[in-house]
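Asks: Sharing a structure here in structure tokens format.
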Amino acid sequence: MRQWHVCLYPTFQLILCYFEATSKFYTNIVQSYILLALNICRSAQIIFNRNVFIKNPRLIILTHLLIYILPALNITIQIFCNWTILLRTKGESCDIVYSSLTIEIFNLFIIYIIPVALNLIVITFCIRHVSSIKGIHSQQIINLRRKHKKNLLIRTIIFYSIWLVLWSPNILTFQFINVNTEPGIFISLLNYIAIKTDPIFITVLDVRFFQTWKIIWQKIKECRRRTVAPAWLTASERIY
């Protein structure tokens with residue numbers, strides 16, 4: 001599409017090029033803060049026994065809207081303030097570089113340092129709560145808590161180890177490496193693998209998602225059966 005000079009207006013080509021250059025940046029910001037929101041919801045369930053998905057649906061919807069809107073607003077402001085330089089080379093992917101080291105450090109804080117630090121704090125509170133046996137005298141409850149702590153630690157370590165290995169290289173280097181170079185292509189590949197495998201890792205981290213998807217899939221199958229059965233009966237009636 002970058003080479004369709006006849007079919008596309010220059011303005012539309014420019015919009016497409018900016019979209020291609022900023023899409024990974026936007027996707028990674030959204031990904032990191034959705035994971036942070038998920039961890040906060042899990043901690044509310046573990047520490048306060050509060051299912052925010054049911055008790056606070058409006059807050060969940062508002063949070064999702066902010067997670068999707070604010071990164072787009074951040075990228076738009078940087079483009080219109082001329083803090084970015086668009087790289088357009090024929091036959092290669094569009095890319096952007098930043099005109100100031102201050103902007104690069106700001107992006108690094110927003111997209112990596114803040115969400116990772118907050119995730120670690122939330123996980124620490126969860127593990128501390130699960131491991132606490134203050135005021136508990138029943139050995140059975142203590143053993144259950146220790147087992148829960150062990151499972152939580154194992155799942156958390158596995159998830160974040162794989163996620164950070166696949167996700168971190170792109171976040172730490174995308175502002176400094178051209179996406180069309182061999183290192184840039186390899187790092188982008190790791191990032192795409194991270195995006196594709198996110199649903200699997202999230203279901204391992206929080207079983208409720210797997211259960212919800214299973215219920216939705218069963219409802220879809222039931223709807224398909226209800227749709228197919230009347231059509232089959234109608235066809236049978238026409239034959240007779």
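Asks: For segment 169-185, how many residues meet the condition of being surrounded by 13 or more Cβ atoms within 10 Å (Cβ to Cβ) and farther than 25 Å from Thr102 by Cβ?
Replies: 2
Asks: Follow-up. I'd like the full set of residues that are without any contact (Cβ under 8 Å) to a residue 12 or more places away in the chain and assigned to a helix (DSSP H, G or I), limited to segment 15-51.
Replies: Ile15, Phe19, Ser23, Ala44, Gln45, Phe48 - these are the residues of segment 15-51 that are without any contact (Cβ under 8 Å) to a residue 12 or more places away in the chain and assigned to a helix (DSSP H, G or I).
Asks: Keeping to segment 14-62, report how many residues are over 20 Å from the mean Cα position of the chain (by Cα), surrounded by fewer than 16 Cβ atoms within 10 Å (Cβ to Cβ) and hydroxyl-bearing (Ser, Thr, Tyr).
Replies: Within segment 14-62, residues that are over 20 Å from the mean Cα position of the chain (by Cα), surrounded by fewer than 16 Cβ atoms within 10 Å (Cβ to Cβ) and hydroxyl-bearing (Ser, Thr, Tyr) number 0.
Asks: Of all the helices (runs of 4 or more DSSP H) wholly in segment 101-218, which have at least 1 residues that are of a type in the set (Gly, Ala, Ser)?
Replies: Ranges flagged: 114-131, 139-173, 182-205.
Asks: Could you give every pair whose Cβ atoms fall below 6 Å, whose first residue belongs to segment 72-85 and is over 21 Å from Gln31 (Cα atoms), and whose second residue is surrounded by fewer than 17 Cβ atoms within 10 Å (Cβ to Cβ) and among the hydrophobic types (A, V, I, L, M, F, W, C), counting only separations of at least 6 or pairs across chains?
Replies: Pairs that qualify, where the first residue is over 21 Å from Gln31 (Cα atoms) and the partner is surrounded by fewer than 17 Cβ atoms within 10 Å (Cβ to Cβ) and among the hydrophobic types (A, V, I, L, M, F, W, C), are Trp83/Ile103; Ile85/Val97.
Asks: In segment 53-67, is there at least one residue being within 30 Å of Ser131 (Cβ to Cβ), in the same structural domain as Asn178 (by TED's automatic domain parsing) and assigned to a loop (DSSP other than H, G, I, E, B)?
Replies: For segment 53-67, residues within 30 Å of Ser131 (Cβ to Cβ), in the same structural domain as Asn178 (by TED's automatic domain parsing) and assigned to a loop (DSSP other than H, G, I, E, B): present.
Asks: The conditions are (1) among the hydrophobic types (A, V, I, L, M, F, W, C); (2) at pLDDT below 75; (3) in contact with a helix residue (DSSP H, G or I) (Cβ under 9 Å, 6 or more places away or on another chain), and Leu166 fails exactly one of them. Which is it?
Replies: Looking at each condition in turn, Leu166 falls short on (2).
Asks: How many residues does segment 88-97 hold that are aliphatic (A, V, I, L, M) and either at pLDDT below 85 or under 17 Å from Thr27 (Cβ atoms) (or both)? First the steps, then the outcome.
Replies: If we filter segment 88-97 for residues that are aliphatic (A, V, I, L, M), which is where we start, we get 96-97.
Then keep just the ones that are either at pLDDT below 85 or under 17 Å from Thr27 (Cβ atoms) (or both); that gives 96.
Summing the residues that are aliphatic (A, V, I, L, M) and either at pLDDT below 85 or under 17 Å from Thr27 (Cβ atoms) (or both) in segment 88-97 gives 1.
Per-residue answers, yes or no, for (1) modelled with pLDDT of 70 or more; (2) not aliphatic (A, V, I, L, M):
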residue	(1), (2)
Lys196	yes, yes
Val204	no, no
Phe210	yes, yes
Ile215	yes, no
Ala229	no, no
Ala235	no, no
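The values are calculated or read from the model by the stated rules, or taken from the named source; none is laboratory data. Bear in mind that the values here come from a model prediction, so they are computed numbers and not experimental data. Note: ideal-geometry Cβ built from the backbone for every residue, glycine included; neighbour counts use all protein chains shown.
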